[in-house]
Amino acid sequence: MHNSGNASSTTQLTGTLTAYGCTPAVARHFDQHPCPGATGRGRVVRVDRTLLLVAVDDGLLHLPYPLSGEPAVTGDWVWTGPNRAGERQILAVLPRRSELSRKRAFEDSSGEQVLAANMDTVGVVVPVDRPLTHNRLERTLVAAWDSGATPLVIITKADLAQVADDVVGKVILQAAGVEVVTTSAESGDGIDELMSRIPPGGTIVLLGPSGAGKSTLINALVGRKVQQTGEVRSGDFKGKHTTTSRELVPLSNGTVLMDTPGVRGFGLFDAGEGLGGMFGDVEELAAGCRFADCAHGSEPGCAVREAIDSGALPERRWNSYLKMQRELAALARRSDVAAQRAYHREWRQKVVTAGKSQRWAEREASERGSRNGGKDRKRKR
């Protein structure tokens, strides 16, 4: 089952690595992707500027970045082995079973930033002590669906606001198909329910804005203070970035948590499948239009427009879907040179056609004026 030259993965499921999520399924994943010369396995716990903190069978090690291949991120499973000096190094990063990514923060960038790898659940944290940002929630859920993990909405700070029930109701309507758990880290409410939603030995990444209560939630789940917490300003609901790096935190029951720094924005990256997962109802409506090329404007038999007019589909949700579609299309154009050239050719053709149409309209207006002027002169005679 297991190639020579690789560390045994199916028989050694004890020690530090197990605490960081090494299950029998992960062991089989190692077996399916052997690495010549590897003598051990590991998981990236935290990515620092110059070194990686890696969990191995006998503890935690600071190891250099891999010399070749794809850069490792928090959550990656890796093969380790000796270098020329006999010290351990990362030889290979295993293929990711799930991957949470976003477009890099620069407006005109088409690059990808991988936030986390090999998580089973993406917990989208929504605090109730501030107004619900619908577009942000939808955008984050699209990325969660696209990651390959299971999205889960986690309502936090339910003990701080009288409007908790209202916020929960809005979230349930907006996140159709996604389970919603309401928690209060201060009182302990909802913590057991949250734990029951994570598979045994599974990894959950917590994703939300700064000050959303992720660190406080992690402290409640661990049962002791492992993350610093900060105050949130009441005026603009902004909190200090108490988490400055993505780090795995093991729990006593085998679950692994990953806290992330608060993210202000979530630019989508190649999230077509996630868009379909989040807006399946919208795409189903669009498929029911009378015409296959319906622009969802004033065409007869437009199922989308009928749903908006009747109130079945909120226009805000439709506009949010269109905006994300445009964003993904723009990203594809920037990353695909051929598509970008075709786009420019099409745009130039539209400009030329529009120019011709404008000149034709002006010429027709001029000729019409001349004809009308001639008629007026005939009447005067």
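You can think of it this way: the chain between residue 135 and residue 281 has 50.9 nm of extra reach, that is 0.36 nm per residue less the Cα-Cα gap. Once the Cβ-Cβ distance of residue 323 and residue 159 is raised to the sixth power relative to R0 = 35 Å, the FRET efficiency obtained is 0.55. Per-residue packing, averaged as other Cβ atoms within 10 Å, sorts the ranges 143-153, 32-42 into the order 143-153, 32-42, beginning with the highest. Each peptide in 209-221, 77-89 receives the mean, over its residues, of other Cβ atoms within 10 Å, and ordering these scores from highest gives 209-221, 77-89. So what's the gap between the Cα centers of region 118-191 and region 13-80, to the nearest angstrom? When both Cα centres are located, 31 Å separates them.
Values quoted throughout were computed directly from the atomic coordinates according to the rules given, and no laboratory measurement underlies them. What you see is a predicted model, and the numbers here were worked out from it, not measured in a lab. Heads up, the Cβs are rebuilt from the backbone with ideal geometry, glycines too, and the neighbour counts pull from every protein chain shown.
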